[in-house]
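Enquirer: Pasting in a structure now, in structure tokens, and then I'll have a few things to ask.
The values are calculated or read from the model by the stated rules, or taken from the named source; none is laboratory data. Predicted model, so just to flag it, every value in this text is computed and none were measured. Glycine gets a Cβ as well: all are built from the backbone with ideal geometry, and neighbour counts include every protein chain shown. To get the accessible areas, we keep the full protein, side chains included, count just its heavy atoms, and leave off ligands, DNA and RNA. Shrake-Rupley method; radii C 1.70, N 1.55, O 1.52, S 1.80 Å.
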Amino acid sequence: MKNYFFAISIVFFLMFLVACGNSEDASSSEGEGSEGNEETVSFNLSTPDPEEANVTVAAKEFAKVVEEKSEGSIEIKVHPNGTLYGGDPSAAVKQLGSGSLDMLVLSTSLYANFEPRFSAISVPYLFDDTEQFVSFLNGDLGEELLGSVSELDIKGLGYWTRDFRQITNSQRPIEEPEDLDGLKLRVPNNPLWVEFFKGAGTATTPMDFGEVYNALQLGTIDGQENPLGVISSAKMYEVQEYLTISNHMADGWLVGINQSKYDQLSDDQKQILEEATKETQGWSLDYNQEQAESIIENLEKEGMKVNSLTEEQQQKFIELSQEAYPAFKEVVEDEEFFEKVLKSVGKD
């Protein structure tokens, strides 16, 4: 009888050991971050524009695509209106590099404060249409610029497109360069804008975007220029009477993540972020195009007077831009790169 109970005890003891072993194997598998079973990571993604702005809508679509592709292993929370960096874009880039920001979507023209070659993207009337613009961003020269942000400890995941920029003001319709003479126009903190509008006699005022509405309301400045989505979401119709569809400049969104945080991801997670960035580029392009017509209609309903430059009128602005090429070359600070850009779009 003693032998019987001893044998039973041995059996239960062995079963206990096997169960413990299986439990440890399962726990080990969950913590390995193997394919399809990665540890969950969370990122805060900051955008510079309001909740309803195109870039913030695109960022939310990006977050959704990433969550689906990663099966929940990557969570992204979108924070609009520059709230995570106090609305200072230069500070945002520095914070992204230091790691106090996880992810950031910011315009390529603002990265020009750190890498002047980014200014080449916004040379006025450089691109004939959106298709040519997208081709440039996804081509060798665009990739070269994207890789350059690694010097700032930022991993560039890719680009999203923005609508071409348009001009609003409170004084008169803009139909030729002479109509800009004497206007006090807000421009981004980038000398490329200053050089272009200076040729038309405009009194340019570099200013952070967060200050623009109040400055327009107070009459400190007469106008500003931005893509349609920004003009609408920022309610410029409340403080501006005229909108000119000039399509004078291109500007892209650079989607960036802190380099060290990117490096900590698995290869699968890295690939998911890059694929989702690319997919969102196409989604955003379609969304922007769908929105443009309805935005103009709504702005007209709000009382704005809208005019579009004819081909003949636009040609005068193109000539104004070409006259400033020597100055643009100085702003880009790389003559060889500038010439490559012009050649790539047939403007050499």
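Enquirer: Of everything in region 305-329, what is under 22 Å from T168 (Cα atoms) and either crowded, with 19+ Cβ neighbours inside 10 Å or within 19 Å of the chain's Cα centre (by Cα) (or both)? Give them in sequence order. Please lay out each step first, then the result.
Expert: First, pick out the residues of region 305-329 that are under 22 Å from T168 (Cα atoms): 305-321.
Scanning region 305-329 gives L309, F317, L320, S321.
Enquirer: Do we have K347 as among the basic types (K, R) and at pLDDT 95 or above here? Explain how you work it out, then say what you get.
Expert: Numbers: among the basic types (K, R): yes; at pLDDT 95 or above: no.
No; evaluated as a whole, the condition is false for this residue.
Enquirer: On to the next question. Got at least one residue in region 244-253 being out of contact with any strand residue (DSSP E or B) (no Cβ under 9 Å at 6 or more places or on another chain) and either modelled with pLDDT under 95 or not aliphatic (A, V, I, L, M) (or both)?
Expert: Step one: filter region 244-253 for residues out of contact with any strand residue (DSSP E or B) (no Cβ under 9 Å at 6 or more places or on another chain), giving none.
Checked against the condition, which is being out of contact with any strand residue (DSSP E or B) (no Cβ under 9 Å at 6 or more places or on another chain) and either modelled with pLDDT under 95 or not aliphatic (A, V, I, L, M) (or both), region 244-253 yields no hits at all.
Enquirer: Answer yes if at least one residue in region 152-169 is open to solvent by less than 10 Å² (accessible area, probe 1.4 Å), aliphatic (A, V, I, L, M) and not in a strand (DSSP E or B), and no otherwise.
Expert: No: region 152-169 contains no residue that is open to solvent by less than 10 Å² (accessible area, probe 1.4 Å), aliphatic (A, V, I, L, M) and not in a strand (DSSP E or B).
Enquirer: Name the single residue that is farthest from S109 (Cα to Cα) among those in region 265-275 being open to solvent by 10 Å² or more (accessible area, probe 1.4 Å) and either free of Cβ contacts under 8 Å to residues at least 24 places away in the same chain or within 17 Å of the chain's Cα centre (by Cα) (or both).
Expert: Among those residues, the one meeting the criterion is D267.
Enquirer: Has region 178-185 got at least one residue that is of a type outside the set (A, V, I, L, M, F, W, C), more than 29 Å from K94 (Cβ to Cβ) and assigned to a helix (DSSP H, G or I)? Working first, answer last.
Expert: Taking region 178-185 and keeping what is of a type outside the set (A, V, I, L, M, F, W, C), we get 178-179, 181-182, 184.
This time we only want the ones that are more than 29 Å from K94 (Cβ to Cβ), so: 178-179, 181-182, 184.
Subsequent filtering for residues that are assigned to a helix (DSSP H, G or I) retains 178-179.
Scanning region 178-185, I find at least one residue that is of a type outside the set (A, V, I, L, M, F, W, C), more than 29 Å from K94 (Cβ to Cβ) and assigned to a helix (DSSP H, G or I), so the answer is yes.
Enquirer: Further question on the same structure: Under 8 Å between Cβ atoms, at least 6 apart or on separate chains: pull out the pairs that start in region 276-305 with a residue that is more than 13 Å from P227 (Cβ to Cβ) and among the β-branched types (V, I, T) and end on any residue that is in a helix (DSSP H, G or I) and modelled with pLDDT of 95 or more.
Expert: T277/F62; T280/A58; T280/E61; T280/F62; T280/V65
Enquirer: Quick one: would you say S260 is open to solvent by 10 Å² or more (accessible area, probe 1.4 Å), on the phi < 0 side of the Ramachandran plot and modelled with pLDDT under 95?
Expert: Working: open to solvent by 10 Å² or more (accessible area, probe 1.4 Å): yes; on the phi < 0 side of the Ramachandran plot: yes; modelled with pLDDT under 95: no.
Taking the combined requirement at face value, the residue does not satisfy it.
Enquirer: Within region 102-118, track down each residue that is more than 11 Å from T47 (Cα to Cα) and buried (at least 23 other Cβ atoms within 10 Å of the Cβ). Can you show your working first?
Expert: So the first thing to find is which residues in region 102-118 are more than 11 Å from T47 (Cα to Cα), and the list is 102, 108-118.
The answer is T108, S109, Y111, A112, F118.
Enquirer: Determine which member of the set Y237, Y262, Y242 is under 26 Å from T220 (Cα atoms) and touching a Lys or Arg at 6+ places or on another chain (Cβ under 6 Å). Break it down stepwise before answering.
Expert: Working: Y237 fails: touching a Lys or Arg at 6+ places or on another chain (Cβ under 6 Å); Y262 fails: under 26 Å from T220 (Cα atoms).
It is Y242.
Enquirer: Could you count how many residues in region 87-101 are over 15 Å from F209 (Cα atoms), of a type outside the set (S, T, N, Q) and open to solvent by 10 Å² or more (accessible area, probe 1.4 Å)? Lay out the reasoning, then the answer.
Expert: Initially, region 87-101 is screened for residues over 15 Å from F209 (Cα atoms), giving 93-101.
Within this subset, residues satisfying the condition of being of a type outside the set (S, T, N, Q) are 93-94, 96-97, 99, 101.
So of that shortlist, the ones also open to solvent by 10 Å² or more (accessible area, probe 1.4 Å) come out as 94, 97, 99.
Selection size over region 87-101: 3.
Enquirer: Would you point out the residue of region 183-215, among those that are open to solvent by 50 Å² or more (accessible area, probe 1.4 Å) and closer than 18 Å to S232 by Cα, that is farthest from the chain's Cα centre (by Cα)?
Expert: Looking at the filtered set, the residue picked out is N214.
Enquirer: Among all residue pairs at least 6 apart or on different chains, which show Cβ distances below 6 Å where the first residue, located in region 104-129, is over 20 Å from I154 (Cβ atoms) and the second is of a type in the set (S, T, Y)?
Expert: Once the first residue is over 20 Å from I154 (Cβ atoms) and sits in region 104-129, its partners that are of a type in the set (S, T, Y) give P124/S321; Y125/S321.
Enquirer: Right, next: Got a sec? Which strands (runs of 3 or more DSSP E) wholly within region 233-348 have at least 3 residues that are of a type outside the set (D, E, K, R) and over 26 Å from E176 (Cα atoms)?
Expert: It comes to 252-258.
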